[in-house]
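Sharing a structure, written as structure tokens. Questions coming.
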Amino acid sequence: MNDSNRSWKSDLSPLLAPQSIALIGASENSAWSSALVQNLKELGYKGKLFPVNPKREMAFGLKCYPSVLEIPEPVDAFVIAISRDFILPVLEECAKKGIRSGVIISAGFAEASEEGQKIQQQIIGIATASEMRICGPNSFGVTNLHEGVSLISSSEVRYLKPGRISFIFQSGGLLNAALLAAWDRGWGIGCAISCGNEAVLNIADYADFLARDENTGVIGILTEGFRDPQKFLRVAKLAAELEKPLVILKLGKSEKGKHAAQAHTGTLVGSDAVYDAVFKQHGITRVADLDDFIETIELFSKRKKLTGHRVGVIVPSGAECGLVADLAEDAGVELPELSRHTTERLASGQSAYLSVRNPLNAPERYVRRGAVFREWIETLIADENLDIVGLRLPLPRRREDEDVIARFRDLVEIAGRS
């Protein structure tokens, strides 16, 4: 399908910044709808919420409507978590109401059976005919912290703060793990999207929107495969032009992993070697596991624009210098010779039995000697042969570790000037 036929999918604001939401299947006895409503309240959502349930007159202190067609005002988005077999007539009503977007949390579609596949195809038909932007089915939901929007039942969302990291995950469970990491580390989150089976909207559609989103600076993706690889590569090019890193945790490397992907979301997984080559060609950062993903996202979210790739490293141990040199060579990281000016300046402060070369063995007790520490770091930053300076500092563990705390303050001050 060409982009001219997909133009309505380029604007995801009805889904990620709706002014009104219909909660279909609303019930205070439902854990998912209770969590969703609580999230909206605590995130300060300023739009309107319309509970829909033909068996109830009230829900969450609000009037409950028997059908979306009974809601007297326009509705931008819906959330559905009812049984699969009741989805289609409800979706037809949403289309008739003119609702432009929604999330289907319900499972049991293409990932489950041939019958589920047929129902999912009918969902696609309804959505395409009405230009309805649907996330899912088999989705955990979406959230946009900048707009106070939470069409997601995760209780962790309400504890997050708005920021510039956005996620697109095929796994709701692993998205929740990433959001917990964001909470633990104090990250600011823009949008978090659990795309599920990608029946209507796929990863490329979400990534295209986020690449153009002024509130997103880093995009983290967990996927089993790509429904529209050509569009995704165009998005990767756009993200590179806009200097927005794409970090991808791609599942399905092993044969068992491929089978698990097929069972999870019905995704067909291609050659892993091809993915590696294409990612590298298009400037996409691929990571190996969730820990690697979390650390890389944090690194990119705090980065400055690089002027080059030449690295100078300072560590407190000679053996560690050797370790760093070996790791750098394996990773293809350049550790250039220090400039003559740097070598001469640092030689006067170096311990008599230590040399001055990259990687640098730090002078004795330099963490405890503030003036020496600052001089060494500032000299490395000023070296014309270096673009990046890396170092290792211990974390303060005792009350008397005021010197270590002071060095972290020194780094913040020095980095602010570099």
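The values are calculated or read from the model by the stated rules, or taken from the named source; none is laboratory data. Just so it is clear, the model here is predicted, and its values are computed rather than measured. For neighbour counting, all protein chains shown are included, and Cβ atoms are generated from backbone atoms with ideal geometry for every residue, glycine included. Just so you know, the surface numbers come from the protein's heavy atoms only, side chains and all, with ligands and any DNA or RNA stripped out. Shrake-Rupley method; radii C 1.70, N 1.55, O 1.52, S 1.80 Å.
How about segment 1-93: which strands (runs of 3 or more DSSP E) wholly inside it have at least 2 residues that are more than 25 Å from A207 (Cβ to Cβ)?
In segment 1-93, the matching strands (runs of 3 or more DSSP E) lie at 20-24, 48-52.
Considering (1) touching a residue at least 40 places away in the same chain (Cβ under 8 Å); (2) crowded, with 17+ Cβ neighbours inside 10 Å, say which one V356 fails and leave the rest.
Unmet for V356, out of (1) touching a residue at least 40 places away in the same chain (Cβ under 8 Å); (2) crowded, with 17+ Cβ neighbours inside 10 Å: (1).
From the list E115, E156, E131, E111, which residue is among the acidic types (D, E) and under 17 Å from the mean Cα position of the chain (by Cα)?
The unique qualifying residue is E156.
Which residues, counting only those in segment 11-29, are open to solvent by 20 Å² or more (accessible area, probe 1.4 Å) and of a type in the set (S, T, Y)?
Result: S13, single match.
While we're on this one: Quickly run through segment 225-253 and pick out the residues that are within 15 Å of the chain's Cα centre (by Cα) and either among the acidic types (D, E) or assigned to a strand (DSSP E or B) (or both).
Answer for segment 225-253, where residues must be within 15 Å of the chain's Cα centre (by Cα) and either among the acidic types (D, E) or assigned to a strand (DSSP E or B) (or both): L246, V247, I248, L249, K250.
Somewhere in segment 114-133, is a residue open to solvent by 40 Å² or more (accessible area, probe 1.4 Å), on the phi > 0 side of the Ramachandran plot and either part of a loop (DSSP other than H, G, I, E, B) or of a type outside the set (A, V, I, L, M) (or both)?
yes
OK, next. Do the conditions hold for F86, that is, is it on the phi < 0 side of the Ramachandran plot, buried (at least 20 other Cβ atoms within 10 Å of the Cβ) and either acidic (D, E) or under 33 Å from the mean Cα position of the chain (by Cα) (or both)?
Considered against the rule, which asks whether it is on the phi < 0 side of the Ramachandran plot, buried (at least 20 other Cβ atoms within 10 Å of the Cβ) and either acidic (D, E) or under 33 Å from the mean Cα position of the chain (by Cα) (or both), F86 comes out as no.
Quick grid of which residues meet (1) touching a residue at least 60 places away in the same chain (Cβ under 8 Å); (2) open to solvent by 10 Å² or more (accessible area, probe 1.4 Å); (3) on the phi < 0 side of the Ramachandran plot:
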| residue | (1), (2), (3) |
| --- | --- |
| F140 | no, yes, yes |
| N144 | yes, yes, yes |
| L151 | yes, no, yes |
| R164 | yes, yes, yes |
| D208 | yes, yes, yes |
| A211 | no, no, yes |
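Residue by residue, here is whether (1) of a type outside the set (S, T, Y); (2) open to solvent by less than 60 Å² (accessible area, probe 1.4 Å); (3) closer than 22 Å to R303 by Cα holds:
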| residue | (1), (2), (3) |
| --- | --- |
| A362 | yes, yes, no |
| R368 | yes, no, no |
| N385 | yes, yes, yes |
| R407 | yes, yes, yes |
